[in-house]
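The values are calculated or read from the model by the stated rules, or taken from the named source; none is laboratory data. All values reported here derive from a predicted model rather than from experimental measurement. Cβ sites come from the backbone with ideal geometry, for glycine too, and all protein chains shown count toward neighbours.
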Amino acid sequence: MKKIFTTLTMIIAVGMFSGSALAQTDEEIADAVMKMAKGQWADENANPGKVSKAAIADDYTEFNSDFPTRIDGKAMSDRLYEALSSDGSTGAASEMANAKVQVYNKDTAILTYNYLGVTKGKDGKTFPSLAKSTRVYVKIGESWKLVHANFAPITVRDND
C-alpha cells in the first residue's frame, strides 16, 4: 500500500511540474504578442496594400478613424485596407511607444500603445501618422489571434 501511495504521489508531482513547465509566463505571452504586432507592421510595410492575415481571427472587429462604424470580420477589414492602400502610399516607419500588455487567464492579452508612424505618399512626401491603439488577442487552440483593434487618431489642439 505504501508503495502504491508513493508511486501515485510521484505521478501527481511529475504531472504538476511538467504542466507548469510548459505553461507560458505572462512575460512570455506579452513578448509574443508584441512580436506579432511588430511582425504584422513589417509585413504590411514590405507589401503595401496587403494585409498580414496569419494572426487575425475570422471574426475580427475594428474601430478606426477611416470609417464611422465598426468593421466586422477579417474579410471586410482586408477589402477596406487593400482599397485604402491602393493610392500608392507606403509606411516608411512605425514605432510602438508606451506599449503595455495585460494578460488574463493565460488566454487573453490586451496590447495598448501609442502608434508613431511616417507615411510616404505616392508623390514622395512624408507625413506623420499618430494613433492611440488597442489590440485584443485571444489564444485559440495553440495560436494567438487578433480578435479586436481600436485605432484612434491623435489630434493636436491649437492653443488659440
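Some points to look at:
- Residue check: T61 meets all listed conditions (1) buried (at least 17 other Cβ atoms within 10 Å of the Cβ); (2) polar (S, T, N, Q); (3) within 15 Å of M36 (Cα to Cα) but one, namely (3).
- So A99, is it modelled with pLDDT of 90 or more, over 16 Å from W41 (Cβ atoms) and of a type in the set (A, V, I, L, M): no
- If you check K100, K122 for being in a loop (DSSP other than H, G, I, E, B), surrounded by fewer than 14 Cβ atoms within 10 Å (Cβ to Cβ) and of a type in the set (K, R), only one passes: K122.
- Whenever a residue of region 145-160 is part of a loop (DSSP other than H, G, I, E, B), its partners that are surrounded by 12 or more Cβ atoms within 10 Å (Cβ to Cβ) and of a type in the set (S, T, Y), lying with C-beta atoms within less than 9 angstrom and at least six residues away or across chains, give the pairs I154/Y115.
- All helices (runs of 4 or more DSSP H) inside region 1-87 with 3 or more residues being at pLDDT below 80 and out of contact with any Phe, Trp or Tyr (no Cβ under 6 Å at 6 or more places or on another chain): 2-22, 26-46
- Search result, residues across region 56-104 that are free of Cβ contacts under 8 Å to residues at least 60 places away in the same chain, among the acidic types (D, E) and touching a strand residue (DSSP E or B) at 6+ places or on another chain (Cβ under 7 Å): D72, E95
- Filtered residues of region 133-142 (kept if under 11 Å from D107 (Cβ atoms), assigned to a strand (DSSP E or B) and more than 9 Å from the chain's Cα centre (by Cα)): V138, K139, I140
- Restricting region 141-160 to residues that are among the hydrophobic types (A, V, I, L, M, F, W, C) and surrounded by 12 or more Cβ atoms within 10 Å (Cβ to Cβ), the residue that is nearest to G73 (Cα to Cα): V147
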